[in-house]
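To start, the structure under review is shown below, and the notes come after it.
The values are calculated or read from the model by the stated rules, or taken from the named source; none is laboratory data. Remember, it's a predicted structure, so these values are computed and weren't measured experimentally. Ideal geometry is used to build each Cβ from the backbone, glycine not excepted, and the neighbour counts take in all protein chains shown. Side chains included, ligands, DNA and RNA excluded: accessible areas come from the protein's heavy atoms. Shrake-Rupley method; radii C 1.70, N 1.55, O 1.52, S 1.80 Å.
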Amino acid sequence: DREVYVKITVQKGSLADVKTQAIILVFCEEEKTLSGPAADIDQKSGGLISDIIKRGDFEAKPSQVIAAYAMGFKPAEKIALVGLGKRSELNLEKIRRAFAKVIQELRGWRVQKAAVSLDLSLLTGKKEKIVSAAVEGAVLGLYRYIPYKTVGREELQDLQELTLVSGQKDYALVRDEVQKAKIIADAVCFARDLVSAPANEMTPSILAARAKDVAKRKNVSCIVLEKGKMKALGMNALLGVAAGSNQPPKLIVLEYRGGKKGAPIALVGKGLTFDSGGISIKPAEKMDEMKTDMAGGAAVLAVIRAAADLKLPVNLVGVVPATENLPGGNALKPGDVLRSHSGRTIEVLNTDAEGRLILADALSYVGRYKPAAIIDIATLTGACIVALGEEVAGMLGTDDPMKKDLREAADVTGELIWELPLWEHYHELIKSDIADYKNSAGRLGGAITGAAFLSKFVGDYPWVHLDIAGPAWTTKDRGYIPRGASGVPVRLLVEFLRQSSKRMQRGH
Ligand code: BES
Ligand code: MN
Ligand code: ZN
């Protein structure tokens, strides 16, 4: 269903023999002698590459790109030289960024086909990861959200095909890894599309329809609970938030069964398709960005889609409470008290702390699946952005092994997370005078009191909360994350699931 999408192909042979429009040559800084495909092409072109480097304009700094004409060298018209920085300082994130940069440059030069040969010895023991970093960098770097652009559309010509050229020895590995990386990058773009969509075209009903699309896959099923069912189940926290809007709320439940047996891992995602704040209304400035308040829910849909496409041997249940938060005539008022699905009562001191209300009902509802663990993902608090900045998600929860695994997945994927404490005394701050809990404890420690509130509805399951208010959306271009929706933390969670499924197969 996507209009523009770079095709990644894999070809056996050597780069100098591939007929294409542009070839990409990858370099590390401070390395004087040419090697690999650069040496090969240099020799076959009568010194073209060494000549460029001798001129001193290219030092192979991280993400540095320069263009050269092939000047008579036959297989390609253009050559792009891209730098990775010093070999000793290389990591996967630098590879992703370099590939995003070079592919964006190629698009700018109106190149439609390009080829590259990867040096899989750049990082020892990480052949697969080098391939996936390059693919992710390229695909995610080319992402743009243009379904509503009608003026100058023909200018938006995209790069059509990137060929990875591989020798005989690594061909199968490259081919298999490209296929997996494409699935994951595709899922990230899917999440970005959902988050980028304007709120008038991404209502709770539309989000539910997208979840049904995901469920067309093998081993995936989707049910959507409607308002009547929510009432019967006593989901008055979710219904309370929805009361201010004319859009009917939806509780989306997606299941993926890829494992033999065993309890599922539950993924619960905040699905506010628009958060105006409600009666505690937000300032007009940047309120438009609150169309992204369903980024957690989008990530849940995307992770389940990727897990199904990768055929991961895990069982998952995804729950996404979806609603708008608007100040209508029936809207929640500050001071209202709600009886949640769990039976616990909540005093609504601030109607803009609505994410935790809808998540309260979703978290206690998912208990009926007796999950092995629960991870919730939410653009929950501005306070988390104050604490950690725009590029880092906050992590809080009750399960140390799972937090450790998520930290490792963050290291691998570059989707950064940092733990905040959830000490006993924070729980005092959310006690209400007239109900069990209050939904707002004010500004101080806001990311933590938000998580403390959620913890009351989790039940006795290992649980981690990811506050993605910062990284879900970016206002500046960041390499493979062009400004707009980032798709965070889809890659992080898929990596986490890949590792935990491996561990489960080994029997821990
Ligand atoms: N969706 C917002 C949090 C948010 C803010 C996400 C900025 C992304 C960017 C959330 O519903 C909210 O409004 N939280 C309040 C909570 C407060 C009233 C306790 C906040 O952070 O100010
Ligand atoms: Mn809010
Ligand atoms: Zn919100």
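Full-extension gain between A67 and E289, please, as 0.36 nm times their residue separation minus the C-alpha to C-alpha distance. Walk me through the numbers on the way to the answer.
On the way: separation 222, 0.36 × 222 = 79.92 nm, distance 3.68 nm.
Residue separation times 0.36 nm, minus the Cα-Cα distance, leaves 76.2 nm.
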Top positive-direction residue, dipole computed over segment 1-147 with Cβ charges, set V139, A60, A16 | V139
Note down the relative contact order for the chain as a percent, whole number, built from C-alpha pairs under 8 angstrom at least six residues apart.
-> 14 percent
Segment 142-210 to segment 441-502: how many Å between their Cα centroids?
-> 22 Å
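List the pairs from K218/K311; K250/K403; K129/K182; K404/K502 whose alpha-carbon separation is above 18 Å, in the order I gave them.
Numbers: K218/K311 9 Å; K250/K403 30 Å; K129/K182 13 Å; K404/K502 16 Å.
Where the Cα-Cα span goes over 18 Å, the pairs concerned are K250/K403.
Excluding ligands, DNA and RNA, what is the solvent-accessible area per residue of segment 14-95 at a probe of 1.4 Å, expressed in Å²?
On the way: 4190 Å² over 82 residues.
I get 51 Å² per residue for this part.
Quick check: from the Cα gyration tensor, does segment 1-113 come out rounded (a/c under 1.5), prolate or oblate? The partial results should precede the final answer.
On the way: a/c = 1.65, a/b = 1.13, b/c = 1.47.
Oblate shape, in that a/c is at least 1.5 and b/c is the bigger or equal ratio.
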Can you list the GluC sites (Glu not before Pro) in segment 154-232 that are in a DSSP coil and have 16 or fewer other beta carbons within 10 angstrom?
-> E226
Label-point separation in nm, K311 to R55, each point 7 Å along Cα→Cβ = 5.0 nm
Using a/c under 1.5 as the rounded threshold, could you call segment 44-167 rounded, prolate or oblate? The axes a ≥ b ≥ c are square roots of the C-alpha gyration tensor eigenvalues, and prolate needs a/b larger than b/c, oblate otherwise.
-> oblate
Expressed in nanometres to one decimal, the distance between label points 7 Å along Cα→Cβ at V151 and R87 is 5.1 nm
Selection from V6, Q43, L92 lying farthest towards where the dipole of segment 1-105 points positive, charges on Cβ = V6
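Rank-order 41-49, 79-87, 97-105 by packing density, defined as the average count of other C-beta atoms within 10 Å over each peptide's residues, highest first. Show your work: numbers first, answer last.
Details: 41-49: 17.7, 79-87: 20.8, 97-105: 24.8.
Top to bottom by mean Cβ count within 10 Å: 97-105, 79-87, 41-49.
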Estimated inter-spin distance, R110 and S14, nm [label 7 Å along Cα→Cβ] | 3.4 nm
Where the only charges are on Cβ atoms (+1 Lys, Arg; -1 Asp, Glu), what is the dipole of segment 117-241 about its Cα centre, to the nearest 20 debye?
-> 660 debye
Contour minus end-to-end for K260 and K231, with contour as 0.36 nm per residue of separation and end-to-end as the Cα-Cα distance?
-> 7.0 nm
Listed residue (F274, A298, V319) projecting farthest to the positive dipole end of segment 256-323, Cβ model | V319
If you wrap segment 142-193's Cα atoms in a convex hull and average its projection over all directions, what's the area in nm²?
-> 4.4 nm²
Check: segment 49-112 dipole with +1 on Lys, Arg Cβ and -1 on Asp, Glu Cβ, in debye | 120 debye
Using only Cα atoms, locate the centre of segment 321-375 and the centre of segment 87-110, then give the distance between them in Å, rounded to an integer.
-> 43 Å
Could you tell me which of rounded, prolate or oblate describes segment 368-508, using a ≥ b ≥ c as the square roots of the eigenvalues of the alpha-carbon gyration tensor, with rounded for a/c under 1.5 and, failing that, prolate when a/b is larger than b/c and oblate otherwise?
-> oblate
So, counting K/R as plus one and D/E as minus one, what does the shell of residues with Cβ under 15 Å around P249 add up to?
-> -1
Using the membrane-span-like helix rule (whole DSSP H runs, Cα extent along the own axis of at least 27 Å, mean Kyte-Doolittle hydropathy at least -0.5), which helices of the chain qualify?
-> 171-196
If you keep only loop residues by DSSP, which trypsin sites (Lys or Arg not before Pro) in segment 130-181 have at most 12 other Cβ atoms within 10 Å of their Cβ?
-> K149, K169
